[in-house]
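In what follows, a single structure is set out as structure tokens and then discussed.
The values are calculated or read from the model by the stated rules, or taken from the named source; none is laboratory data. Because the structure is a prediction, the values reported are computed rather than measured. Please note: Cβ atoms are built from the backbone with ideal geometry, for glycine as well, and neighbour counts cover all protein chains shown.
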Amino acid sequence: MKNPIRIGAVAAAALLLTTGLAQAADITLKASHQFPGGKGDVRDEMVQMIAREVAKANVGVDIKVYPGASLVKASEQWNAMIKGQIDITSFPLDYASGQHPQFGATLMPGLVKNHDHAKRINNSPFMQDIKKVINDAGVIVLADAWLAGAFGSKKNCILEPDDAKGLKVRSAGATFAEMWAGAGASIISIPSNEVYNALQTGVADATDTSSGSFVSFRLYEQITCLTAPGDNALWFMYEPVLMSKRSFDKLNDAQKKAIMDASKKAEEFFAAESKKLDDELVAAFKKANVKIVTMTEEQANKWREVANKSSYRTFADKVPGGKELIVKALQVR
């Protein structure tokens, strides 16, 4: 005859274990972004890393990641977070510049010069002002991330402003769009996950976007000439990991610490990988037999002259505190 005491003890232990497992993930957070999942996109990997690290901390939080705009459309991530439909996102901040025009400064032609400069920008009065706008909107920054970007064209190489005349250019944001228009291009406004089809169908002739997006969206299949970042990058974009402050405030101290610790690790990972994205960009486009060029300092300065008369001037005139933001950014050496 089986020992009833032993059976009861085993059953009780099993019940306790089951209860513990249920309590181990009693809060589920939804993390959404537009970038491809499972294909090596570093922005997706940042979010996946945060989810893994928080799970390992065993503090009762499960982060479910929805990549590829599978839960929320690319341009709607910010509003979805504000409304509480999602909790976390990896987000090109300029996409929310319609609601907060100050965010346009985080995709401003020539404002950030290289990866080392971007790191210094993170700790500057300029970014303190940007993060105040983010916080006031009910959002917190979990991890900083800056990506360099490039120009790509189906028609001709783009090195100087004259090369853009007559082209239909998909621009990542309003400030770059102003510069392109100032150089004589017409503007196509679509998110980065729709650029491939726009180039394929002739809706767009050229695009600017991040090094990571050029590769992860396989744009080497559509363009014939790439202007890589090189030593004189004009294109840098702030794409942080963000979290709804309302969602964050619901967590206990251990859960908050786990998320912040995981986010710090993800930020350090990204900082190490961001320059590699430029190298991977060049390697991928070389493999696809796409012509690759880089700007000289003189050519980059010609674009800055166009931006100074268009993007910078409009931003300073129309955005509350816009002139001060540009001045503060330019003061970071």
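For the structure I just gave you, tell me whether Ile188 is under 25 Å from Glu268 (Cβ atoms) and crowded, with 17+ Cβ neighbours inside 10 Å.
No, not satisfied.
Examine the range 245-264 for a residue that is surrounded by 19 or more Cβ atoms within 10 Å (Cβ to Cβ), over 30 Å from Val61 (Cα atoms) and among the hydrophobic types (A, V, I, L, M, F, W, C), and state whether such a residue exists.
Scanning the range 245-264 turns up no residue that is surrounded by 19 or more Cβ atoms within 10 Å (Cβ to Cβ), over 30 Å from Val61 (Cα atoms) and among the hydrophobic types (A, V, I, L, M, F, W, C).
Condition (residue is of a type outside the set (A, V, I, L, M), buried (at least 19 other Cβ atoms within 10 Å of the Cβ) and in contact with a strand residue (DSSP E or B) (Cβ under 8 Å, 6 or more places away or on another chain)) applied to the range 286-308: is it met by at least one residue?
No.
Limited to the range 22-46, what total is found for residues that are at pLDDT 95 or above and surrounded by fewer than 15 Cβ atoms within 10 Å (Cβ to Cβ)?
1
Does Pro320 qualify as being in contact (Cβ under 8 Å) with a residue 40 or more places away in the chain, loosely packed, with under 14 Cβ neighbours inside 10 Å and closer than 23 Å to Asp136 by Cβ?
Considered against the rule, which asks whether it is in contact (Cβ under 8 Å) with a residue 40 or more places away in the chain, loosely packed, with under 14 Cβ neighbours inside 10 Å and closer than 23 Å to Asp136 by Cβ, Pro320 comes out as yes.
May I ask you to say which residue of Thr294, Thr314 is touching a residue at least 60 places away in the same chain (Cβ under 8 Å) and over 29 Å from Ile140 (Cα atoms)? Working first, answer last.
Working: Thr314 fails: over 29 Å from Ile140 (Cα atoms).
After ruling out the rest, the residue left standing is Thr294.
Please tell me if Leu281 is surrounded by 14 or more Cβ atoms within 10 Å (Cβ to Cβ) and either farther than 25 Å from Ala150 by Cα or not polar (S, T, N, Q) (or both).
Against the criterion (surrounded by 14 or more Cβ atoms within 10 Å (Cβ to Cβ) and either farther than 25 Å from Ala150 by Cα or not polar (S, T, N, Q) (or both)), Leu281 qualifies.
Every residue in the range 143-160 that is under 26 Å from the mean Cα position of the chain (by Cα) and farther than 16 Å from Thr106 by Cβ, please.
Scanning the range 143-160 gives Ala150, Phe151, Gly152, Ser153, Lys154, Cys157, Ile158, Leu159.
Would it be correct to say that Ala206 is over 29 Å from Lys245 (Cα atoms), at pLDDT 95 or above, among the hydrophobic types (A, V, I, L, M, F, W, C) and crowded, with 17+ Cβ neighbours inside 10 Å?
In short, yes.
For the range 103-120, which residues satisfy the criterion of being in a helix (DSSP H, G or I), under 16 Å from the mean Cα position of the chain (by Cα) and either farther than 23 Å from Asn79 by Cβ or among the hydroxyl-bearing types (Ser, Thr, Tyr) (or both)?
If the condition is that a residue be in a helix (DSSP H, G or I), under 16 Å from the mean Cα position of the chain (by Cα) and either farther than 23 Å from Asn79 by Cβ or among the hydroxyl-bearing types (Ser, Thr, Tyr) (or both), then Thr106, His115, Ala118, Lys119 are the ones that fit.
Filtering the range 47-102 down to residues that are touching a residue at least 60 places away in the same chain (Cβ under 8 Å), of a type in the set (Ser, Thr, Tyr) and not in a loop (DSSP other than H, G, I, E, B), which residue is surrounded by the most Cβ atoms within 10 Å (Cβ to Cβ)?
Only one residue tops the list, namely Ser90.
I'd like to check which strands (runs of 3 or more DSSP E) are fully inside the range 236-333 and have at least 3 residues that are within 20 Å of the chain's Cα centre (by Cα).
236-238, 241-244
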